[in-house]
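Comments concern the structure below.
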Amino acid sequence: MHPLLLTVIGRLGADDFVSGEAIAHELGISRASVSGLVRRAGNFGVRVLSVPGRGYRLAQPFEPLDESRLKPVLAPVGLHVQCLPQVDSTNTRLAALAAAGAPHGTLLAAEWQTQGRGRRGRDWRGILGASLTFSLLWRFERPVSALAGLSLAVGVALVRAMRALGATGVGLKWPNDVLVGETKLAGILIELTGDMLGPAAAVIGIGINVRGGEALSERVGLPVADLEAACGRRLQRNAVLIEVARQMAEVLRLFEREGFAAFRDEWASLHLWQGQPVAVHAPDGRVILGRAAGVDAQGALLLDSGAGLMPILTGDVSLRRTR
């Protein structure tokens with residue numbers, strides 16, 4: 001992403017046109033450069049309207065992440081916020097900061113990821129100004145072996161936040177997806193470091209489609225949900241980040257004390273596929289059919305295959321509804 005692209009987009013609004021000449025003069029660049037940046041905006045999912053003689057305006061309002069607003073609100077809950085215009089991956093960048101001694105509770109948010117990652121190496125894609133991507137560093141006194149079910153507990157935090165914002169029809173799919181019906185709204189990627197017997201650190205990556213689900217569906221070729229549609233109203237991304245981060249901090253503190261057992265019943269109540277026929281696709285190519293029968297105290301999916309309950313471990317399978 002060109003360093004001036006966000007500046008140009010931030011100079012535009014969704015109500016009034018701004019001339020390319022005015023932007024060029026303000027930024028000290030040519031009108032041709034402004035025109036080129038406006039064209040580039042479309043590559044990131046930002047639609048800019050252009051009318052000869054009047055200039056440019058955004059088809060939808062653009063709200064940048066505002067570190068000065070986020071810091072004073074989230075500092076009292078122990079979070080240290082950093083906002084960057086562009087990174088390769090918030091998880092990758094925060095993991096490097098963690099290795100260099102970044103404090104517990106560091107939250108790194110980015111407007112754009114060039115190499116955003118999802119579960120099992122999949123790409124995570126978004127729309128500039130319409131998606132929310134951030135990672136949170138949480139240091140545990142518990143060893144890595146005691147963090148089973150962490151992604152499920154974080155899913156509970158996301159649904160709590162989304163419901164507090166007014167979302168309806170939002171629930172969870174094992175192990176780390178937030179859905180509306182059968183359509184993905186948000187994802188979680190957790191990467192752990194530490195010893196089996198000593199303290200551990202988790203870099204918890206979150207991707208949320210705040211708006212523009214239909215446009216994003218066209219870009220990725222799959223149905224995608226968005227939070228504004230689930231809430232039925234316009235949302236501010238900074239307000240969404242504040243609510244999600246607060247809920248995550250509360251859940252993570254309880255998880256530190258009690259583990260996933262404290263969230264097991266609530267998670268089951270939010271599992272949209274609870275009791276439904278499912279197909280588990282194992283990494284070795286096997287497909288195991290059964291019904292989703294909840295999770296155990298460590299967060300493993302309990303699959304009722306007709307011959308008893310079979311625990312499926314986090315990270316070893318993907319889950320799909322049978323046809």
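The values are calculated or read from the model by the stated rules, or taken from the named source; none is laboratory data. Remember, predicted model here, so these are calculated numbers, not experimental data. Reconstructed Cβ throughout: ideal geometry from the backbone, glycine too, with neighbour counts over all protein chains shown.
Pairing each residue of region 122-141 that is at pLDDT below 85 with any residue that is not in a strand (DSSP E or B), provided the two are 6+ apart or on different chains, yields C-beta distances under 6 Å for 124/116; 124/118; 125/220; 127/45; 127/212; 127/216.
Table: residues versus (1) over 13 Å from the mean Cα position of the chain (by Cα); (2) assigned to a strand (DSSP E or B); (3) over 21 Å from residue 96 (Cα atoms).
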site: 137; (1), (2), (3): yes, yes, no
site: 152; (1), (2), (3): yes, no, yes
site: 155; (1), (2), (3): no, no, yes
site: 161; (1), (2), (3): no, no, yes
site: 185; (1), (2), (3): no, yes, yes
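It is to be established whether one or more residues within region 21-34 are modelled with pLDDT of 90 or more and in contact with a strand residue (DSSP E or B) (Cβ under 6 Å, 6 or more places away or on another chain). No, because not a single residue in region 21-34 is modelled with pLDDT of 90 or more and in contact with a strand residue (DSSP E or B) (Cβ under 6 Å, 6 or more places away or on another chain). In region 9-37, the residue that is surrounded by the fewest Cβ atoms within 10 Å (Cβ to Cβ) out of those that are touching a Leu at 6+ places or on another chain (Cβ under 9 Å) and under 12 Å from residue 55 (Cβ atoms) is 13. Scan region 141-159 for residues that are surrounded by fewer than 20 Cβ atoms within 10 Å (Cβ to Cβ) and either touching a helix residue (DSSP H, G or I) at 6+ places or on another chain (Cβ under 9 Å) or under 20 Å from residue 212 (Cα atoms) (or both) and the total you get is 3.
Entry remark, region 45-62: residues being within 21 Å of residue 22 (Cα to Cα) and either among the hydroxyl-bearing types (Ser, Thr, Tyr) or in a loop (DSSP other than H, G, I, E, B) (or both) number 11 in total. When the criteria are applied in full, residue 76 meets the requirement of being assigned to a helix (DSSP H, G or I), assigned by TED's automatic domain parsing to the domain that holds residue 172 and not aliphatic (A, V, I, L, M). Tell me yes or no: at least one residue of region 175-183 is over 21 Å from residue 301 (Cβ atoms) and small (Gly, Ala, Ser). For region 175-183, residues over 21 Å from residue 301 (Cβ atoms) and small (Gly, Ala, Ser): absent.
Checked across region 304-320, the condition of being touching a strand residue (DSSP E or B) at 6+ places or on another chain (Cβ under 7 Å), charged (D, E, K, R) and modelled with pLDDT of 85 or more holds for at least one residue.
Close Cβ contacts (under 9 Å, 6 or more residues apart or on different chains) running from residues in region 67-81 that are on the phi > 0 side of the Ramachandran plot to residues that are at pLDDT 95 or above and not aromatic (Phe, Trp, Tyr) comprise 78/104; 78/105; 78/249; 78/253. Every condition in (1) in the same structural domain as residue 175 (by TED's automatic domain parsing); (2) farther than 18 Å from residue 171 by Cα; (3) surrounded by 14 or more Cβ atoms within 10 Å (Cβ to Cβ) holds for residue 253 except the one numbered (3). Only strands (runs of 3 or more DSSP E) whose full extent lies in region 212-308 are considered here, and the ones with at least 1 residues that are without any contact (Cβ under 8 Å) to a residue 24 or more places away in the chain are 287-295, 301-304. Residue under question is residue 58, and the condition is that it be modelled with pLDDT of 90 or more and over 23 Å from the mean Cα position of the chain (by Cα); does it hold? For residue 58, the condition - modelled with pLDDT of 90 or more and over 23 Å from the mean Cα position of the chain (by Cα) - is met. In the set 220, 224, only one residue is buried (at least 16 other Cβ atoms within 10 Å of the Cβ) and not assigned by TED's automatic domain parsing to the domain that holds residue 43; that residue is 224.
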